[in-house]
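Worksheet: one structure, shown below.
The values are calculated or read from the model by the stated rules, or taken from the named source; none is laboratory data. Remember, predicted model here, so these are calculated numbers, not experimental data. Cβ placement follows ideal geometry from the backbone for every residue including glycine, while neighbour counts extend to all protein chains displayed.
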Amino acid sequence: MKKLFSAIIGLLLVCGLLAFGAHSLQTSSGSTGKKVLNLYTWGDYIDPSLLTKFQKQTGYHVNVETFDSNEAMFTKIKQGGTSYDLTVPSDYMIEKMKAAHLLLPLNKKRLTGMQNYDARFMNLAFDRHNKYSVPYFWGTLGIIYNDKYVKPGSIKHWNDLWTKKYSNNIMLIDSARDVMGFALASMNQSMNTTDPATLLAARNKLNRLSPNVKAVVADEIKMYMIQNEAAVAVDWSGEASEMLAGNSHLHYVVPSEGSNLWFDNLVIPKTAKHFNAIYAFLNFMSEPKNAAQNAEYIGYATPNAKAKALLPKAVRNDRQFYPDNRTISHLQIYQDLSPAKVGLYNDRYLEFKMHH
Amino acid sequence: MQRKQRLTRSTAYFIPYTLWILLFVIAPVLLLIYQSFFNIDGQFTFANYQTYFASSTYLMMTVNSVWYAFLITLATLLISYPTAYLLNETKHPQLWLLLIIMPTWINLLLKAYAFIGIFSQAGIANQFLSFIGIGPKQLLFTNFSFIFVAAYIQIPFMVLPIYNSISELKPSYINASRDLGATNWQTFSRVIFPLTLPGVKAGIQAVFIPSLSLFMLTRLIGGNKVITLGTAIEEHFLTTMNWGMGSTIGVVLIVAMVIIMWLTGGRKPRSRKGLTK
């Protein structure tokens with residue numbers, strides 16, 4: 001009995017020590033301190049030297065915490081355990097967070113530099129009048145091909161993927177919305193359709209693509225494409241820019257008939273506490289020089305028109321990542337669908353994956 | 001007095017284990033069953049089970065899962081039994097056993113990524129194939145590579161129980177069998193194999209059950225060309241947020257595992273805990 005008691009006391013002691021350790025760690029990392037900003041963002045999504053510059057200029061220390069999916073971020077903000085001051089959801093997630101009352105409206109009087117942003121990327125359906133969000137990066141869904149195996153220019157449209165010669169040579173990103181989406185776009189349908197018959201038709205069309213599909217994978221696509229493992233891939237522009245940087249034979253195409261246009265915008269979640277730091281940071285990131293530096297480092301397209309003008313000509317005029325107006329006018333932003341409709345997309349997608 | 005104290009002490013020793021079982025085995029299973037009776041809007045329903053058994057997709061997936069788990073188990077058994085047998089004949093079986101167990105110290109994901117490197121177009125396997133004149137082949141994203149990697153991961157869990165039962169086998173039985181005129185094959189099939197069957201059964205349980213719900217490997221090595229129930233569960237919990245349907249598939253998997261335990265049972269199973277992915 002005595003042994004058991006000492007064991008229990010020992011355990012309690014260890015628990016206490018751990019709690020104390022966790023607490024002191026949290027304090028030292030500054031998440032409860034005063035002159036800080038807690039930024040919750042995607043992995044490797046900001047130039048670290050900008051954070052140092054921001055601290056030098058304003059005195060605020062930025063704590064960066066990262067997430068790898070909108071859904072994971074949503075859950076964590078909803079639980080509200082940590083006082084995140086800023087986060088970077090994608091378009092449809094902004095809609096969802098707004099509906100769940102997880103966002104605080106921006107105080108426009110404290111924002112400077114909003115006029116730097118391209119009017120095309122403001123006042124969009126997911127956030128009218130930018131009441132809650134400031135654009136951070138934008139991009140597209142498209143096709144990456146390797147010119148060792150594919151004649152440059154021979155892939156321009158989604159339907160080109162169905163050509164027999166790419167048998168077992170295409171990699172797809174493992175995402176229901178995007179794979180179903182490009183099938184829908186190839187049929188000139190809305191990428192937000194919720195019509196069951198249309199979704200069924202899209203699945204049937206995808207089933208016909210399956211002899212060409214080599215694999216349906218996630219982040220690994222980058223590595224495979226750089227290592228010449230497959231000739232063609234469907235992925236997001238941000239991933240594509242990293243692939244292109246790693247292998248000069250790769251090219252990125254946004255099909256002109258339509259594709260997905262996505263946005264990652266900065267928003268203030270309801271867990272925010274350090275408002276002076278938040279507005280200082282938003283204004284800092286809106287400055288053309290800083291936005292341009294960030295865009296050059298990350299390789300995504302900046303929505304900041306004045307920052308774009310500062311980018312090297314080769315980047316600025318790159319039609320792969322800054323498509324022309326005609327293509328942009330055909331791009332579609334995902335809407336937040338109801339859980340039942342998301343389920344519909346995923347069921348059809350799972351059926352396609354089963355079809356091998 | 002003395003006796004009573006001993007009794008309370010032994011009950012006290014049971015507390016951690018009972019708590020563990022209650023909190024981490026029984027409660028989650030009950031929650032899973034409870035959760036499986038709710039639809040996406042949080043209403044009580046049996047529809048998830050109806051959907052499951054009426055959908056050819058899910059039934060196909062179930063058949064797929066069981067089939068691949070069977071193939072993985074078979075491949076593992078065919079490699080492990082002779083290995084365990086030879087291990088028993090070697091001079092330092094403990095050392096060899098250690099070497100066989102060593103890979104389990106490495107994280108499953110790391111091993112999967114290592115195989116991506118080995119099997120890719122420019123990987124070592126293809127370099128070797130080119131060297132011996134066969135030329136590079138598509139190895140990744142094939143059924144072969146999926147079963148190969150899964151079997152590689154499971155082998156230690158098959159070798160251990162079989163080795164245990166072989167080493168417990170008394171050499172006098174084999175000698176007696178030979179003395180009585182049995183051929184090598186007869187000795188093996190009539191004496192050695194039946195006596196080591198419990199080890200084989202334990203190994204099958206330890207391999208088949210985790211193989212049923214493999215899901216990371218189906219994407220990383222199988223390129224989602226092999227779809228098992230694990231893939232569907234992951235999707236329902238992470239993307240569609242339809243926890244009811246995900247739980248239903250989970251319950252079906254648990255039932256399948258109970259059936260396997262029952263079929264291979266009859267003896268206290270020496271299955272491993274954790275490491276199921």
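Values computed for the structure shown
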{"read-out": "Verdict on A:Val217 being at pLDDT 95 or above and of a type in the set (A, V, I, L, M)", "value": "no"}
{"read-out": "Whichever residue in segment B:105-114 is under 19 Å from the mean Cα position of the chain (by Cα) and hydrophobic (A, V, I, L, M, F, W, C) and, among such residues, is surrounded by the fewest Cβ atoms within 10 Å (Cβ to Cβ)", "value": "B:Trp105"}
{"read-out": "Residue selected from segment A:158-193 under the condition of a type outside the set (Gly, Ala, Ser), within 14 Å of another protein chain (Cβ to nearest Cβ) and outside any helix (DSSP H, G or I), by the criterion farthest from A:Val234 (Cα to Cα)", "value": "A:Asn168"}
{"read-out": "Test: residue in segment B:21-31 that is surrounded by 15 or more Cβ atoms within 10 Å (Cβ to Cβ), at pLDDT 90 or above and not acidic (Asp, Glu)", "value": "no"}
{"read-out": "Of the criteria (1) assigned to a helix (DSSP H, G or I); (2) touching a residue at least 40 places away in the same chain (Cβ under 8 Å), which one B:Ile40 fails", "value": "(1)"}
{"read-out": "One residue from A:Phe284, A:Phe263 being within 21 Å of A:Asp44 (Cβ to Cβ) and outside any helix (DSSP H, G or I)", "value": "A:Phe263"}
{"read-out": "Close pairs from segment B:104-129: first within 14 Å of chain A (Cβ to nearest Cβ), partner among the hydroxyl-bearing types (Ser, Thr, Tyr), Cβ under 8 Å, at least 6 apart", "value": "B:Phe115/B:Ser145; B:Phe115/B:Tyr152; B:Phe119/B:Ser145; B:Ser120/A:Tyr224; B:Asn126/B:Ser120"}
{"read-out": "Search result, residues across segment B:143-191 that are surrounded by 18 or more Cβ atoms within 10 Å (Cβ to Cβ), more than 30 Å from B:Tyr113 (Cβ to Cβ) and of a type in the set (Ser, Thr, Tyr)", "value": "B:Ser165, B:Ser177, B:Thr187"}
{"read-out": "Positions within segment B:49-88 being of a type in the set (Ser, Thr, Tyr) and touching a Ser or Thr at 6+ places or on another chain (Cβ under 7 Å), in sequence order", "value": "B:Tyr49, B:Tyr52, B:Ser65, B:Tyr68, B:Thr73"}
{"read-out": "Residue ID - surrounded by the fewest Cβ atoms within 10 Å (Cβ to Cβ), chosen from residues in segment A:296-347 that are closer than 17 Å to A:Ala240 by Cα and small (Gly, Ala, Ser)", "value": "A:Ala314"}
{"read-out": "Among residues of segment A:27-51, those that are at pLDDT below 55 and not in a loop (DSSP other than H, G, I, E, B), counted", "value": "2"}
{"read-out": "Filter result (among the small types (Gly, Ala, Ser) and closer than 17 Å to A:Arg348 by Cα) within segment B:43-65", "value": "B:Ala54, B:Ser55, B:Ser56"}
{"read-out": "A:Asp235 being under 16 Å from the mean Cα position of the chain (by Cα), surrounded by fewer than 17 Cβ atoms within 10 Å (Cβ to Cβ) and not assigned by TED's automatic domain parsing to the domain that holds A:His129", "value": "no"}
{"read-out": "Tally of residues being within 12 Å of another protein chain (Cβ to nearest Cβ), among the polar types (S, T, N, Q) and either in contact with a strand residue (DSSP E or B) (Cβ under 9 Å, 6 or more places away or on another chain) or not in a loop (DSSP other than H, G, I, E, B) (or both) across segment A:204-245", "value": "2"}
{"read-out": "Filter result for A:Lys56 (of a type outside the set (A, V, I, L, M, F, W, C) and modelled with pLDDT under 85)", "value": "no"}
{"read-out": "In segment B:28-49, the residues that are farther than 18 Å from A:Ala340 by Cβ and of a type in the set (Asp, Glu)", "value": "none"}
{"read-out": "Verdict on A:Ala197 being part of a strand (DSSP E or B) and over 30 Å from A:Lys270 (Cα atoms)", "value": "no"}
{"read-out": "Qualifying residue in segment B:74-93 (condition: within 14 Å of chain A (Cβ to nearest Cβ) and assigned to a helix (DSSP H, G or I))", "value": "no"}
{"read-out": "Residue count, segment A:167-193 (criterion: of a type in the set (Val, Ile, Thr), within 17 Å of the chain's Cα centre (by Cα) and surrounded by 20 or more Cβ atoms within 10 Å (Cβ to Cβ))", "value": "1"}
{"read-out": "Tally, over segment A:210-267, of residues that are of a type in the set (A, V, I, L, M, F, W, C) and within 19 Å of B:Ser120 (Cβ to Cβ)", "value": "15"}
{"read-out": "Residue selected from segment B:211-270 under the condition farther than 30 Å from A:Ile221 by Cβ, modelled with pLDDT of 90 or more and touching a helix residue (DSSP H, G or I) at 6+ places or on another chain (Cβ under 9 Å), by the criterion farthest from the other protein chains (Cβ to nearest Cβ)", "value": "B:Ile254"}
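One line per residue, one yes/no per condition, for (1) hydrophobic (A, V, I, L, M, F, W, C); (2) assigned by TED's automatic domain parsing to the domain that holds A:Asn247; (3) buried (at least 22 other Cβ atoms within 10 Å of the Cβ):
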| site | (1), (2), (3) |
| --- | --- |
| A:Asn116 | no, no, no |
| A:Ala119 | yes, no, no |
| A:Asn123 | no, no, no |
| A:Tyr145 | no, yes, yes |
| A:Gly153 | no, yes, no |
| A:His157 | no, yes, no |
| A:Asp160 | no, yes, no |
| A:Lys165 | no, yes, no |
